[in-house]
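Input: a single structure, listed below in structure tokens.
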């Protein structure tokens, strides 16, 4: 039997458990991609329920539906496209007032909304009782109470969706009225819009257009101005805005927001939300919040948390890597190479064995031991709510380099792999900050580069020197960020961020988030790494590097004081960063670097590798996010920085320390 | 197509003002020119002019304003500036918003010089209006009423979307050291505001 198809979309504010509901609904069937032509993530999945095939789209989490951010525009365009039979508005019962702010706007869009009232347990623990039936009556749509983390309410939600689609439950969303003066303007405007802009009314609800015009929404203003008679309407809007601003003495966006909050505070909240008791004096979440945002102790806690993570991952990961390399290098590789060298001629078989399989195995031995656990822990920190605290603590510092607290997470992601870090730059609201951050994340030593740092400096000179390199790295990033902030046109934007309560993370959600980030590495980075590895091996087999050394020697030997052949591992590190170490040993003809390089050369080499061009996969990610021109600019900047840093190190070590 | 008479009446001052602006800047006042400036069809302008002529604000044989037309415009402007700047509760702050400056400059022929002197005049009252002071003045645990914020459209909208609307009570929950953000509790939840943002939020301290 053919199943009936239903399309639904989840809309809601950030931190309301929307993705938990999404995961509960669609399980493993989800596909995560981008919205067409946008750098905003789009998650889609399917649920088979009885005779229904329900297609679920997870809209970006937004506080509002203005055109403040790309996310908000995407969410509302999608809702206006009327592709969904039902829009499920996920609402945080413990922060009902602010959440209804979005609900009211969804109603203005005349969308077929039902409400999923999530986090009922949290509301209860805060002493808040909500009259669900009354809320449903006032809104005129079904309200399903839920505790998504335990799965409570999911079944009812799905049944309600089906009831709505089958017409067993009618939606009669209440049209909430604004205050008298504003309401007058809205209805006059929507009358004129109906009369003079009929061509727009087939696509947009006239009342919504009127509200958005009054709010000064740029996108809607543009749409209206570009239609016939549109300018007459916008002139009228200007008159109305002037009048309202005069009456209220506020700017118009404040007036409209106030009115919306007024609707909620007057018509909805008093009848549905009851504070039963004051919240228990200090919950665990409050105490955790107190210490982790403490003006003094917050910082040592932060440092401790991240040092512990890095230490655990690089010691634990090291052990894990040894196990893996035992399996692959000691057992699997000899077996593979035996088979392949039996079939292919010598040079070609070397390329396939070292290039293709070597690259494949390297991807695994980096991703499994380092990237996977790192992103798992980071996702846990995020889902508990620690990351906003980190953003809070780091904000002042980030402002020095033209960013704000939220930029800290992508920088952290960079220590795993630069690819997800590049994609993570999306958290910045504006283009300027996004670009600035992209310049900086590629300078963060990813796990492959960390392997090189530990493998050369950590191994031959001492662990403390390796740590010093990380410190130098941070200093350079700060200086570069500071300079960029001065150079880029425009001014930095400030931090405005919700501080959600601490919450117990849900394993499933954490695992999914981890997977999405690791996937960026496996899908996007590894094919390029393997391809790069094949190219590299080909060049090696064709014995081309003496030529290269000849041309690179003025720079490499003259400026950096390194043996000319080290140009090879430096340049081809672009293809595979972690190979820089192995290649170095290869070109120098010794696996004991002590015999072929002095301490100064090791430090200079490592510093150059640390900053040098991001790997090919990162460049590809950069191109996708920022476009060709900027990706090239970003890559060039890393070359300049790495050479400069290497040169300065060389001079300092030679003249100050006499090395 | 005939236009609604109340629509015509509501927009007449704006149209006349544009005509006035063109004429005092020495330009040739034609229907096309006005239509180009405002982007409205000439058929609509004709309807407006018809009404204006009936009221004796525009001379019957040309596009020139009559004496009472000029007086009408000046009163219109005066009322606007008066209301906006003196009675506007956001007072001088609004002069710093780009949209307002544009508005004053282009729609009301205020020059940069005028704007500057207006600002310096009104700045004497800034901060005294409604006893507002920057949020950064409040200490941890202190409460205040949000009065207004100064900033670009994006920032203002973000703040009001998050529930920081004029008249709402807020409490300073924590203040990060080293010039970091300020966390305020508003409507039962917490929002972190960068120090720069916080310094442009004006509140009335509650004691």
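What whole-number volume per residue, in cubic angstrom, does the convex hull of the C-alpha atoms of region A:4-165 give?
On the way: hull volume 17.2 nm³, N = 162.
In region A:4-165, the Cα hull volume divided by residue count equals 106 Å³.
Please work out whether region B:131-206 counts as rounded, prolate or oblate from its C-alpha gyration tensor, where a ≥ b ≥ c are the square roots of the eigenvalues and a/c under 1.5 means rounded, while otherwise a/b larger than b/c means prolate and anything else oblate? Each step should come with its number before you reach the end.
Values: a/c = 1.30, a/b = 1.15, b/c = 1.13.
Rounded, since a/c falls under 1.5.
For every helix of n ≥ 4 consecutive DSSP H residues, a contribution of -39,500 (n - 2.57) applies; sum these over the protein assembly as shown, divide by its total residues, and give [θ] at 222 nm rounded to the nearest 500 deg cm²/dmol.
Mean residue ellipticity at 222 nm (helix-derived): -17000 deg cm²/dmol.
If the chain between residue A:523 and residue A:463 were fully stretched, how many nm would it gain, using 0.36 nm times the residue separation less the Cα-Cα distance?
Result for the pair: 18.3 nm of gain on full extension.
Please arrange B:50, A:126, A:212 by counting, for each residue, the other beta carbons lying within 10 Å of its beta carbon, fewest first.
B:50, A:126, A:212
Determine the shielding of peptide A:11-18 by partner chains: average, over its residues, the number of Cβ atoms on other chains within 10 angstrom of each Cβ.
0
Can you give the FRET efficiency for residue A:624 and residue B:5, using 1/(1 + (r/R0)^6), R0 = 56 Å, r = Cβ-Cβ distance, to the nearest 0.05?
Between residue A:624 and residue B:5 the formula returns 0.50.
Given the Cα-Cα distance of residue A:40 and residue A:475 and 0.36 nm per residue of separation, how much length would full extension add, in nm? Let's see the in-between values first.
Numbers: separation 435, 0.36 × 435 = 156.60 nm, distance 3.13 nm.
Taking residue A:40 through residue A:475 to full extension adds about 153.5 nm, to one decimal.
Using a 10 Å cut-off around each Cβ of peptide A:497-504, what is the average number of partner chain Cβ atoms that fall inside?
What the average comes to for A:497-504 is 4.
Over all directions, average the projected area of the Cα convex hull of chain A and note it in nm².
Computing the convex hull of the Cα atoms and averaging its projections yields 35.5 nm².
Which of rounded, prolate or oblate describes region A:46-106 when judged by the alpha-carbon gyration tensor and an a/c cut-off of 1.5? Each step should come with its number before you reach the end.
Numbers: a/c = 2.52, a/b = 1.45, b/c = 1.75.
The shape class here is oblate.
For a quick check: sort A:399, A:404 by the number of other beta carbons within 10 angstrom, fewest at the front.
Numbers: A:399 22, A:404 29.
Fewest to most other Cβ atoms nearby, the residues stand as A:399, A:404.
If each residue of separation counts as 0.36 nm, what is the full-extension length gain between residue A:555 and residue A:159 once their alpha-carbon separation is subtracted?
Full extension from residue A:555 to residue A:159 adds 135.6 nm.
Hey, quick one: spin label on residue B:79, modelled 7 Å out along Cα-Cβ, who in region B:4-45 has an amide N within reach, i.e. under 13 Å?
Counting only backbone N, you get B:10-14.
Along the Cα→Cβ direction, 7 angstrom out, place labels at residue A:177 and residue A:346. What is the inter-label distance in nm?
That separation, rounded to one decimal, is 9.3 nm.
Which ordering of B:23, A:367 is given by a fewest-first count of other beta-carbon atoms within 10 Å?
Exposure proxy ranking, most exposed first: B:23, A:367.
Seen from all sides and averaged, what is the projected area of the convex hull of the Cα atoms in region A:144-237, in nm²?
8.7
Compute the Cα gyration tensor for region B:5-68, then decide on rounded, prolate or oblate, letting a ≥ b ≥ c be the square roots of its eigenvalues: rounded whenever a/c is under 1.5, prolate when a/b is larger than b/c in the other cases, and oblate in all that remain.
It comes out oblate by the Cα gyration axes.
Between residue A:187 and residue B:171, how many nm apart are label points set 7 Å from Cα along the C-beta direction?
Roughly 4.0 nm, to one decimal.
Along Cα→Cβ, 7 Å out, is where each label goes; now give me the distance between the ones at residue B:36 and residue B:67 in nm to one decimal.
Reported label-point gap for residue B:36 and residue B:67 is 3.3 nm.
May I ask you to derive the FRET efficiency for residue A:31 and residue A:339 from their Cβ-Cβ distance with R0 = 41 Å, giving the value to the nearest 0.05?
Once the sixth-power term is evaluated, E becomes 0.70.
Roughly how tilted is helix A:230-248, in degrees to the nearest 10 and between 0 and 90, from the longest Cα axis of chain A?
80
Determine, from the Cβ-Cβ distance of residue A:274 and residue A:307 and an R0 of 51 Å, the FRET efficiency 1/(1 + (r/R0)^6), rounded to the nearest 0.05.
0.65
Read-outs: derived from the displayed coordinates by stated rules, not from any lab. Predicted model only: the values in this text are computed from it and were never measured. Counting neighbours? That spans all protein chains shown, and the Cβs are built from the backbone with ideal geometry, glycine included.
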